[in-house]
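Enquirer: Take a look at the following structure, please.
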Amino acid sequence: MIIAIDGPAASGKGTLGKRLAAHFSVRHLDTGLIYRAVAKALLDSGQALDDRDAAVAAARGLDPAQFDEQALKGHQIGEAASIVSAIPDVRAALVAFQRDFAARPPGAVLDGRDIGTVICPDADAKIFVVAAPEERARRRALELKASGQPADEAAILTDILRRDERDRSRATAPLKPAPDAHELDTTHLDVEAAVRAAIALVERQVRAGRR
């Protein structure tokens, strides 16, 4: 079983990805972390971020089981990832990595921005998660405060709106729902309600696909 979850930043897709993977006993990959993981591997080994061969080797050698999510979400890693992601061969290697991850038994849940449209267009179930920008900014602020970091909700909202526009308008793999994706609006749902709704959507799509 392959489940594709797409959506903008802080819409809740990462949490849903983890919970769906546990529910259906498959693996989970937060694809937003993989470019960061490549960047961190280069920084840790003292190699230049624009070293094509080193970056491609790092992309091919990723082990999601070893990801330190807290470390990967740091600002420095994010800046480094923007350099790494501009290397076409790295993008190609990571597309192959994601597809291979999804194809291995017993299946996987992948969450990101182009899973249902580019990475796994034949996924058994596709969910496009949305939430109002203001709610997403509130969630991100709470997340940062919970980890002891400062959080300016207005600044976070501005950043989210800017990222939404960039993701939707980019030439390569823009953020958009696949034609056969089912939208899940989590604006007014708590985590448990969102998980229940997502499970129901997946089960409905899988049943329909078996007919």
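The values are calculated or read from the model by the stated rules, or taken from the named source; none is laboratory data. Given the structure is predicted, the values throughout are model-derived calculations rather than measurements. Every residue, glycine among them, receives a Cβ derived from its backbone with ideal geometry; neighbour counts consider all protein chains shown. Accessible surface areas use protein heavy atoms only, side chains included; no ligands, DNA or RNA. Shrake-Rupley method; radii C 1.70, N 1.55, O 1.52, S 1.80 Å.
Enquirer: Report the residue count in region 87-112 for those that are acidic (Asp, Glu) and open to solvent by less than 40 Å² (accessible area, probe 1.4 Å). Full working, then the answer.
Expert: Residues of region 87-112 acidic (Asp, Glu): 89, 100, 111.
From what's left, open to solvent by less than 40 Å² (accessible area, probe 1.4 Å): 111.
Here the count works out to 1.
Enquirer: Tell me, which residue of region 180-195 that is in a loop (DSSP other than H, G, I, E, B) and not acidic (Asp, Glu) is surrounded by the most Cβ atoms within 10 Å (Cβ to Cβ)? Steps first, please.
Expert: Initial filter on region 180-195 (in a loop (DSSP other than H, G, I, E, B)): 180-181, 186-190.
The next check asks that each one be not acidic (Asp, Glu); those that pass are 181, 186-189.
Working: Ala181: 23, Thr186: 25, Thr187: 14, His188: 10, Leu189: 17.
Checking each candidate, the answer is Thr186.
Enquirer: Looking only at region 157-171, count how many residues are exposed (fewer than 12 other Cβ atoms within 10 Å of the Cβ) and not polar (S, T, N, Q).
Expert: Residues of region 157-171 exposed (fewer than 12 other Cβ atoms within 10 Å of the Cβ): 162, 165-166, 169, 171.
The next check asks that each one be not polar (S, T, N, Q); those that pass are 162, 165-166, 171.
Count: 4.
Enquirer: Output the strands (runs of 3 or more DSSP E) that fall wholly within region 1-114 and possess 2 or more residues being touching a residue at least 60 places away in the same chain (Cβ under 8 Å) and aliphatic (A, V, I, L, M), or say none. Before the answer, list the steps.
Expert: Numbers: elements: 2-6, 27-30, 108-112.
Filter on region 1-114 gives 2-6, 108-112.
Enquirer: Which one is most open to solvent (accessible area, probe 1.4 Å) among residues in region 113-150 that are among the basic types (Lys, Arg) and more than 16 Å from Arg168 (Cβ to Cβ)?
Expert: Taking region 113-150 as the starting set, the residues that turn out to be among the basic types (Lys, Arg) are 113, 126, 136, 138-140, 145.
This time we only want the ones that are more than 16 Å from Arg168 (Cβ to Cβ), so: 126, 138-140, 145.
Numbers: Lys126: 10, Arg138: 100, Arg139: 55, Arg140: 67, Lys145: 120 Å².
Here the residue is Lys145.
Enquirer: So, Gly14, is that one at pLDDT below 95 and surrounded by fewer than 17 Cβ atoms within 10 Å (Cβ to Cβ) or not? Spell out the reasoning first.
Expert: Details: at pLDDT below 95: yes; surrounded by fewer than 17 Cβ atoms within 10 Å (Cβ to Cβ): no.
In short, no.
Enquirer: Quick check on region 172-179. Is at least one of its residues over 21 Å from Glu134 (Cα atoms), open to solvent by 80 Å² or more (accessible area, probe 1.4 Å) and at pLDDT 90 or above?
Expert: Going through region 172-179, the residues over 21 Å from Glu134 (Cα atoms) turn out to be 172-174, 178-179.
Checking the rest, the ones that are also open to solvent by 80 Å² or more (accessible area, probe 1.4 Å) come to 172, 179.
Still in the running and at pLDDT 90 or above: 179.
Yes, region 172-179 contains at least one residue that is over 21 Å from Glu134 (Cα atoms), open to solvent by 80 Å² or more (accessible area, probe 1.4 Å) and at pLDDT 90 or above.
Enquirer: Looking only at region 29-86, filter to residues that are hydroxyl-bearing (Ser, Thr, Tyr) and open to solvent by less than 60 Å² (accessible area, probe 1.4 Å); which one of those is modelled with the lowest pLDDT?
Expert: Going residue by residue through region 29-86, those that are hydroxyl-bearing (Ser, Thr, Tyr) are 31, 35, 45, 82, 85.
Of the ones still in play, those that are also open to solvent by less than 60 Å² (accessible area, probe 1.4 Å) are 31, 35, 85.
Numbers: Thr31: 91, Tyr35: 89, Ser85: 82.
Across region 29-86, the extreme among qualifying residues is Ser85.
Enquirer: Let me ask another. Pull out all pairs, ordered by first then second residue, where Cβ-Cβ is under 9 Å, the residues are six or more apart or on different chains, the first lies in region 197-211 and is free of Cβ contacts under 8 Å to residues at least 24 places away in the same chain, and the second is crowded, with 17+ Cβ neighbours inside 10 Å and among the polar types (S, T, N, Q).
Expert: So the pair list comes out as Ala197/Thr186.
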